[in-house]
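Read the structure below first, then the notes.
The values are calculated or read from the model by the stated rules, or taken from the named source; none is laboratory data. None of these values were measured; they are calculated from a predicted model. Using ideal geometry, Cβ is built from the backbone for each residue, glycine included, and neighbour counts are taken over all protein chains shown.
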Amino acid sequence: MKAWVWEGADKLRLEKGYPDPVAKPGWVVLRVRAAGVCSTDVSIVRGRFGAWSPPGVLCHEICGEVVELGPGAKGVAAGDRVVVETSVGCGICVKCRTGNKHLCAEAGEIGFPPFDGGYAEYVAVPDNCCRKMPESMTDEQGAILEASICPFGAIYRNPPPMCATVLVQGVGVAGLSFIQAVKCFGAKKVIAAGRNLSRLGDARHFGADVVVNTKEADLAEVVRAETGGIGVDLSIDAAGAAATFANAIRLCASGGVVNLYGIPAAGTKMEIPTDEVIFRQLTIRGGTNNELAWVPLMELIAQGRFNNADMVTHRFGFEELPRAIDLVDRHSDGLIKAVLIP
């Protein structure tokens, strides 16, 4: 089969005779119908993210069709369209048995070595990583679902109070997903803050009530005006910069929740105002995957309450992956998500 093999920094090779995946016991083989191009993959290819060692086939944003079931595989049938929930755990520890297999001490992930991912014609995944798609969802929507699942999963695990005011800093795909997620869970007002005019327009399109260009406006003044001076109930940092981290805490109401999602650049120092956290009784949470949130998110998409169709802005043929990597790496205006169609 054809597959893009990552061999090191800036080394991607199109292999036309890559070994076909094997349907091991409890695993299934999928024909990849669409694959999302994630900024994490771009950072790995460019050599900026060294948590894994080559070689391997990257891509953890996968929509596929079941073509083969291994012995004992269950829950899906040949021909089913599925999205891939990518965490692979041991299956027996308390984390795996409570819907947190991404926290398993032995956890791995489809699309990161040693598990091959979706930049290939076919991919093998455990049967419990397959989530059947509603008929109304397109392959492209399925391919980029993973990009929204971490933000949505964080809110699904710890929803804001009803009629909350929420601040979202960062208006990339994560920020846009947070905006929609908190709206689905009853937020009354969402303030979105960022520096890119094009993406601030996206934030408005995806449901933000107040949009703040932090190059031109004082975010603290806007938050005070919008909350009667008390701060927001939920403060989300989807950017991961020192300034946004400080704002996330400073602009949160006493007794409120700070949700950290944006990953800081290497070497970034974050100072936690411990006394402020204690005396204002703030709760600080981190959030990554949530395997229990995939089906609810797809149901919301099918109901038209969460819009990920408009997040797909760029499409590429399978052999155009290097072009897609370049586009995502440049953070081009107008880009939200790029999809590869094998």
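Quick notes
- Single unsatisfied condition, Val212 versus (1) of a type outside the set (D, E, K, R); (2) surrounded by 14 or more Cβ atoms within 10 Å (Cβ to Cβ); (3) over 26 Å from the mean Cα position of the chain (by Cα): (3)
- Verdict on Ser198 being of a type in the set (Gly, Ala, Ser), over 24 Å from Val222 (Cα atoms) and touching a residue at least 60 places away in the same chain (Cβ under 8 Å): no
- Per-region count, segment 224-237, residues within 29 Å of the chain's Cα centre (by Cα) and either more than 10 Å from Leu167 (Cβ to Cβ) or of a type in the set (D, E, K, R) (or both): 3
- Among the conditions (1) exposed (fewer than 14 other Cβ atoms within 10 Å of the Cβ); (2) in the same structural domain as Arg224 (by TED's automatic domain parsing); (3) not aromatic (Phe, Trp, Tyr), Gly317 misses just one, which is (2).
- Residue, nearest to Arg157 (Cα to Cα), within segment 222-239, restricted to residues that are of a type in the set (Gly, Ala, Ser) and surrounded by fewer than 24 Cβ atoms within 10 Å (Cβ to Cβ): Gly231
- Top-ranked residue in segment 175-206 [being crowded, with 20+ Cβ neighbours inside 10 Å and among the aromatic types (Phe, Trp, Tyr); ranked as farthest from Asn308 (Cα to Cα)]: Phe178
- Residues in segment 286-313 that are modelled with pLDDT of 95 or more and farther than 19 Å from Met133 by Cβ: Thr313 only.
- Filtered by the rule that a residue be modelled with pLDDT of 95 or more and either among the basic types (Lys, Arg) or not assigned by TED's automatic domain parsing to the domain that holds Val57 (or both), segment 324-337 gives a lone residue, Lys337.
One line per residue, one yes/no per condition, for (1) in contact (Cβ under 8 Å) with a residue 60 or more places away in the chain; (2) within 19 Å of Ser43 (Cα to Cα); (3) outside any helix (DSSP H, G or I):
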position	(1), (2), (3)
Phe245	no, no, no
Gly262	yes, yes, yes
Gly267	no, yes, yes
Asp275	no, no, no
Ile284	no, no, yes
Asn290	yes, no, yes
Arg323	no, yes, no
Asp329	yes, yes, no
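- The set of residues in segment 16-28 that are on the phi < 0 side of the Ramachandran plot, of a type outside the set (Lys, Arg) and either touching a residue at least 60 places away in the same chain (Cβ under 8 Å) or in a strand (DSSP E or B) (or both) comprises Tyr18, Asp20, Pro21, Val22, Ala23, Trp27, Val28.
- From the list Arg48, Arg31, Arg13, the lone residue that is in a loop (DSSP other than H, G, I, E, B), of a type in the set (D, E, K, R) and assigned by TED's automatic domain parsing to the domain that holds Thr86 is Arg48.
- Number of positions in segment 62-97 that are under 15 Å from Thr288 (Cβ atoms) and either in contact (Cβ under 8 Å) with a residue 24 or more places away in the chain or part of a loop (DSSP other than H, G, I, E, B) (or both): 5
- Restricted to segment 25-43, and to residues there that are closer than 17 Å to Glu7 by Cα and out of contact with any Leu (no Cβ under 6 Å at 6 or more places or on another chain), the residue that is surrounded by the most Cβ atoms within 10 Å (Cβ to Cβ) is Val42.
- Residue in segment 109-137 that is nearest to the chain's Cα centre (by Cα), counting only those that are surrounded by fewer than 21 Cβ atoms within 10 Å (Cβ to Cβ) and among the acidic types (Asp, Glu): Glu109
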